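Bear in mind that the values in this text are calculations on the coordinates, not laboratory data. If you're wondering where the values come from, they're calculated on a predicted model, not measured in any experiment.
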Amino acid sequence: MAQVVPREKWLYDDRGMIKWMGWILSDHSAYMESESQQAQPREVKPEMPADEIAANLEAAWKSGQTVLIQSDTLENNCFTAEYQGVVAGYQGDQIYLQLANDSVKFFHLDEIRYVELVAADKWWAYDISSGR
């Protein structure tokens, strides 16, 4: 059973949905900014041999280090955006990458053009057990 309080007995004037519009707008602005960064053309990294890609991914997975992956697919005559994150796991020839926004993106090994181990720029992102 819901209690309905008449509007004239409210302690303050509720603005209703208007108060939420600031949050919606800020989320939309953050989304548009990330999309514009993804859409910018990227520097074409040299294509790495498959064994070197596998070695970098394995090292990153074992140490929990962040990697930068450039996909080998073309969109508008440019290689797709680079993705930076932590290797969360693998299954067969699929690699799962956890991005900074906690979303997970997966890649097939044959779609990866370049993999680079990235040094953590925050002190709390270092792996204490390995001294990195």
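Here are a few things to note about the model shown:
- Whole-Hz couplings from phi, Karplus 6.51/-1.76/1.60, listed for region 97-108; x for Gly and Pro: 10, 8, 7, 5, 8, 6, 7, 10, 10, 10, 10, 7
- Phi-based couplings in Hz for region 5-11 (Karplus 6.51, -1.76, 1.60; Gly and Pro marked x): 9, x, 4, 6, 9, 5, 6
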